[in-house]
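Single-structure report; data block below.
The values are calculated or read from the model by the stated rules, or taken from the named source; none is laboratory data. This one's a predicted model, so the numbers in the text were calculated from it and none came from an experiment. Heads up, the Cβs are rebuilt from the backbone with ideal geometry, glycines too, and the neighbour counts pull from every protein chain shown. Heavy atoms of the whole protein, side chains included, go into the accessibility calculation; ligands, DNA and RNA do not. Shrake-Rupley method; radii C 1.70, N 1.55, O 1.52, S 1.80 Å.
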Amino acid sequence: RVQTSVEVRGGEPDLKTTAAAVELADGNYGIYLVAIDRAGNSTRVPEENTPPQRPLAVDTRKPTLTVLGIPDGAIFRGGELVPITWQVLDKNLPQRPFSVLASPDPGKDWTPLIASESAEGKPNLPNPKESGEYVLKFVGKDAGGNEEVLALKVVVDATPPYVALTSFNEGGEFPGGSRLVVTWEASDPHIAEHPVDLLFSRDLGKSWIF
């Protein structure tokens, strides 16, 4: 119970907005105001099971956030859709507590990739289209404004690798049963362990086989 007072001047009350500071532990509360005048008249005093005039929740704890599907340092194609799974847990969650943002600089500017989604989901995350190193920030936010943030770095590569044949520069004719040596060179900042597939055509490009 919190008591407040009204200043009286010249026999008349000086009506004004007053405030009381109350420190509450985490939990769910209800507020009900009762006014009493100098004659002893009062507004209704709440009885048991009387609904509060204002319900409120005090929550100082961050929600629990889990994100699966993207390892730190992963490399993706520009604009690639990556399946992820997330879950936000808290006693006081809004309807859409989850967001994902991306920063190329890192952390100075943020672009939303997923904005205000439900507490659980399994959608495809649209990665940035431009090449570069990015920080992805996953945010779970409860109704009290407390945030849990998970951040990881990813690389977006929107440029195909370079590859070129270094043999048969002028074509050529060879007898049946000849052992042909095919050579090439390939390069890329993120070159794969086996980066080249070799295909053959028997009809000058109308169809191709491995």
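For Val163, Val155, give the ranking by accessible area with the largest first, probe 1.4 Å. All intermediate terms of the calculation are to be shown ahead of the outcome.
Details: Val163 90, Val155 30 Å².
The ranking, largest first, comes out as Val163, Val155.
In whole Hz, what ³J(HN,Hα) sequence does segment 124-138 give by Karplus (6.51, -1.76, 1.60; θ = phi - 60°), x for Gly and Pro?
Per-residue couplings from phi come out as 8, 7, x, 6, x, 8, 8, 5, x, 9, 10, 10, 9, 10, 9 Hz.
Order Val58, Val154 by their accessible area, 1.4 angstrom probe, all chains in place, largest first. It would help to have the intermediate numbers written out before the result.
On the way: Val58 35, Val154 5 Å².
Largest accessible area first, the list is Val58, Val154.
Given a 1.4 Å probe and every protein chain left where it sits, what share in percent of the accessible area of the chain is carbon and sulfur? Please list the in-between numbers first.
On the way: 8250 of 16080 Å².
The C+S portion of the solvent-accessible surface of the chain is 51 percent.
Give me the net charge for the shell around Ala57: Cβ to Cβ below 14 angstrom, other residues only, Lys and Arg +1, Asp and Glu -1.
On the way: positive: Arg54, Arg61, Lys91; negative: Asp26, Asp59, Asp90, Asp142.
After counting each charged neighbour, the total is -1.
When the Cα centres of segment 21-35 and segment 150-210 are compared, how far apart do they sit, in Å?
71 Å
What's the local net charge at Thr66, with K and R +1, D and E -1, over the other residues with C-beta under 11 Å away? Write out the running numbers ahead of the final one.
Values: positive: none; negative: Glu120, Glu148.
With Lys, Arg at +1 and Asp, Glu at -1, the neighbours total -2.
At 1.4 Å probe radius, can you tell me the per residue accessible area of segment 97-163 in Å²? Intermediate values should be presented prior to the final figure.
Details: 3670 Å² over 67 residues.
Here the per-residue accessible area is 55 Å².
Add +1 for every Lys or Arg and -1 for every Asp or Glu among the other residues with Cβ under 13 Å from the Cβ of Val135, and state the total.
On the way: positive: Lys108, Lys137, Lys153; negative: Asp72, Asp105, Asp109, Glu133.
My count for the surroundings of Val135 gives -1.
Heavy atoms only, probe 1.4 angstrom, no DNA, RNA or ligands counted: give me Tyr134, Tyr29, Tyr162 ranked by accessible area, highest first. Mind showing how you got there, number by number?
Values: Tyr134 25, Tyr29 75, Tyr162 115 Å².
Output order, biggest surface exposure first: Tyr162, Tyr29, Tyr134.
Can you give the alpha-carbon Rg of the chain over 2.2 N^0.38 Å, where N counts its residues? Show your work: numbers first, answer last.
On the way: Rg = 33.1 Å, N = 210, 2.2 N^0.38 = 16.8 Å.
Here the answer is 1.97, to two decimals.
Each residue of segment 92-103 in order: what ³J(HN,Hα) in whole Hz does its phi give by Karplus 6.51 cos²θ - 1.76 cosθ + 1.60, θ = phi - 60°, with x for Gly and Pro?
10, 9, x, 5, 10, x, 10, 9, 10, 10, 10, 10
Run the dipole for the chain about the Cα centre, Lys and Arg Cβ at +1, Asp and Glu Cβ at -1, nothing else charged, and hand back the magnitude in debye, nearest 20. Could you put the intermediate results ahead of the total?
Numbers: 20 positive and 29 negative charges, 118 e Å.
In total the dipole reaches around 560 debye.
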